[in-house]
């Protein structure tokens, strides 16, 4: 023992705390153990299984959640190549959308699609933006539709045929 350095309860507690901190620091992974790939914010990869699960015909419904209330049918015929989604959409009972091409992306199970179809009125175009997810034989999510009649938001869901 060092002369004049009596072990007091305070010094023992400080020594023990220092020892515990050093032990914990030596047990935690250092930067060399962490991946150097900064892909933590990367878009999830779309697996071949998810791609083939989305390929095909999907039939379902849409419901407008903004005034005025409304609902109808929707049919998607989708094809996936990597993360790119292409196909057609046919919307029934809409004040805006009709039938047209659709395109988007599939990232993991997250689905984003956009369409521009002739407007129901016959004048101009209507656009639809679909955000959703793939869950087995079901795709569902939210939508925003814009045309000369206004902007509508709602939900949609479809089942694989």
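Calculate the length of the line joining the C-alpha centroid of the stretch 89-127 to that of the stretch 129-152, in whole Å. Here the answer is 9 Å between Cα centres. Along its three principal directions, the equivalent ellipsoid of the stretch 52-120 from the Cα gyration tensor extends over semi-axes of 23, 13, 11 Å, largest first.
Here is the size of the stretch 86-156 from its Cα atoms: Rg then Dmax, 12.1, 38 Å. Measuring spread by the Cα atoms of the stretch 41-161 yields a radius of gyration and Dmax of 13.9, 43 Å.
Read-outs: derived from the displayed coordinates by stated rules, not from any lab. Quick caveat, the model's predicted, so the values are computed rather than measured.
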